[in-house]
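**Q** Input: one structure, supplied below.
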Amino acid sequence: MSDIVDFERMAGPSAGVDAGIQGKIFIVDDEPEIVEILSDLVGSLGFKVTGFTEPRAMLEAFRNETPDVVLTDHKMPGTTGLELLGFVRKINPEVPVVMISGYLDRKELIQAISAGVFAVIEKPFDSERVLQVCRNAVDFSHAAQLLNRSLNLLLFHCDDIQAFLVSQGKGDLAGTVHAEIQYLAEQRRKLQNIERG
């Protein structure tokens, strides 16, 4: 059996962001039937879904293509959803990870929350809950990407903005804008370190 489920689900006739793809979701579960059910369900929202029955295959794909969300089973042969969450966080700490579990004891739930899991969905899962959590996770992911792009653009043009304001006789404002941009960059670094911790 292949480690990557032999299908990608998406709504609409063609692939690609320009064709109306709402986001990309990786689904990992050692049971192919669960991957197929979740892929059909989540794909109905217009998300591009790639399913994996082997966590290592998902991590390899993750290094080449960053999804907006990872939806993973908690208990799988050879690894757990928590371990997978740790690997995802090391590669890209901003990708939300949603864990599905038949049973999480209190200690595991606290570990998942501390490690930065976006949400936990209990098995047997409710379809509406899965859809709502996936929508929220993709929205969160897109918002984080937009904020990062905006901050990177501000950082790239910070010197130009400051020079322009000074040339307009607004040196005080230039200093304030520069300080605010640097403050935002520092807060992002702190958040990233917390998520990696």
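FYI, it's all coordinate maths here, none of it is from the lab. On a predicted model such as this, the values are computed, not experimentally measured, just so you know. Every residue, glycine as well, gets a Cβ built from its backbone with ideal geometry; the counts of neighbours run over all protein chains shown.
**Q** List every residue whose amide H lies under 5 Å from the amide H of GLY46, counting only residues 5 or more places away in sequence or on a different chain, with H placed 1.01 Å from N in the peptide plane.
**A** Distant-sequence amide H within range of GLY46: ALA11.
**Q** In bins 10 Å wide, starting from 0, what share of all Cα pairs of the range 84-132 does each bin hold, as a percent?
**A** 25, 50, 25, 0
**Q** While we're looking at this one, here's another question. If you wrap the range 18-71's Cα atoms in a convex hull and average its projection over all directions, what's the area in nm²?
**A** 3.5
**Q** Report, for the chain, the % of DSSP beta bridges that are antiparallel, rounded to 5.
**A** Looking only at bridges with both residues in the chain, the antiparallel portion is about 25 percent.
**Q** Right, next: Once every Cα of the range 125-197 carries one equal point scatterer and solvent is ignored, give the base-10 log of I(q)/I(0) from the Debye formula at q = 0.20 Å⁻¹, two decimals.
**A** With one equal scatterer per Cα and no solvent, log10 I(q)/I(0) is -0.88.
**Q** Given H placed on each backbone N at 1.01 Å, which residues far from THR72 in sequence or on other chains put an amide H within less than 5 Å of it?
**A** VAL28, VAL98, MET99, ILE100
**Q** Something else now. Summarise the long-distance tail of P(r) for the range 4-143 by giving the % of C-alpha pairs beyond 20 Å. Walk me through the numbers on the way to the answer.
**A** On the way: 3858 of 9730 pairs.
Tail of the P(r) past 20 Å holds 40 percent of the pairs.
**Q** Moving to a separate point now. Find, among the chymotrypsin sites (Phe, Trp or Tyr not before Pro) in the range 95-197, those assigned to loop by DSSP (not H, G, I, E, B) with at most 12 other beta-carbon atoms within 10 angstrom.
**A** TYR103
**Q** Only helical DSSP H runs with n ≥ 4 go in: add -39500 (n - 2.57) per run for the chain, normalise by residue count and round the 222 nm mean residue ellipticity to 500 deg cm²/dmol.
**A** Numbers: 6 runs with 110 residues, N = 197.
Using -39500 (n - 2.57) per qualifying helix, the result is -19000 deg cm²/dmol.
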